[in-house]
1. Just checking, which of G104, G127 is farther than 25 Å from E72 by Cβ and touching a residue at least 60 places away in the same chain (Cβ under 8 Å)?
2. May I ask you to verify whether Q207 is of a type in the set (S, T, N, Q), over 18 Å from H109 (Cα atoms) and touching a residue at least 40 places away in the same chain (Cβ under 8 Å)?
3. Quick test for you: out of C193, C161, pick the one residue that is crowded, with 18+ Cβ neighbours inside 10 Å and out of contact with any helix residue (DSSP H, G or I) (no Cβ under 8 Å at 6 or more places or on another chain).
4. On the basis of being under 29 Å from L64 (Cβ atoms) and touching a helix residue (DSSP H, G or I) at 6+ places or on another chain (Cβ under 9 Å), does I184 make the cut?
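What follows draws every value from the coordinates through simple rules; no lab data is involved. It should be emphasised that the depicted structure is a prediction, and the values quoted were computed from it without experimental measurement. All Cβ positions, even for glycine, are placed from backbone atoms using ideal geometry, and neighbour counts span all protein chains on display.
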Amino acid sequence: MKHKTPDAPGIDAEPETASTLTRRQFNVGTLAVATVAATGVSTLGAACSAPDKAGNSAKPTTRLFVNGTRSELELDPRSSLLDVLREQLHLTGAKKGCDHGQCGACTVHIDGRRVASCLTVAVQADGREITTIEGLSPKDGPLHPMQQAFIDQDALQCGYCTPGQIMAAVACVREGHATSPEQIREYMSGNLCRCGAYAGILAAIQQAAPKMGGT
């Protein structure tokens, strides 16, 4: 959601100059720093757009490479990657659960690394390779081994968390963190299943790991 904090009444605003840091720029910069700390995706300069002659912040053109397709979008610097994927690119596989990076339902990959897309500012992903659940397997081809394993092991109930679970599970194997049940549980702990299908999820990862080249 977008919030705008009004200026406090009774406070005379100083004229903005090139060296003045506005409240908007400060808030955007703070959000970008917090996102870098949470996700490791770092292109901070793209998040703060310079104001135009009228004093309005210009929307930068952001290149998003999602599932092999390039899109050029003019984005509000505050837009999350999750909202852009769902609302502008119509890729609704990544789910909005907590919107605070605590449930894992919005997990996607950026340059092969799993991130919480609800905490990732979209402009931070400029020029990077993004993979969502829609791009994990070919549209007309076989399912990814992890997708098939989730079906085989009945590793879901309501299915709301499943796309994020699968994306995190693929990353877990690729990271080399699927060598034991204890390790899998540890590195999948950021993805919550409110239906409690954890036993099936564990079995699915163990089934898929050898087919993916994991142990």
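1. Values: G127 fails: farther than 25 Å from E72 by Cβ.
Answer to the selection: G104.
2. Values: of a type in the set (S, T, N, Q): yes; over 18 Å from H109 (Cα atoms): yes; touching a residue at least 40 places away in the same chain (Cβ under 8 Å): yes.
Against the criterion (of a type in the set (S, T, N, Q), over 18 Å from H109 (Cα atoms) and touching a residue at least 40 places away in the same chain (Cβ under 8 Å)), Q207 qualifies.
3. On the way: C193 fails: out of contact with any helix residue (DSSP H, G or I) (no Cβ under 8 Å at 6 or more places or on another chain).
When all the criteria are applied, what remains is C161.
4. Working: under 29 Å from L64 (Cβ atoms): no; touching a helix residue (DSSP H, G or I) at 6+ places or on another chain (Cβ under 9 Å): yes.
Against the criterion (under 29 Å from L64 (Cβ atoms) and touching a helix residue (DSSP H, G or I) at 6+ places or on another chain (Cβ under 9 Å)), I184 does not qualify.
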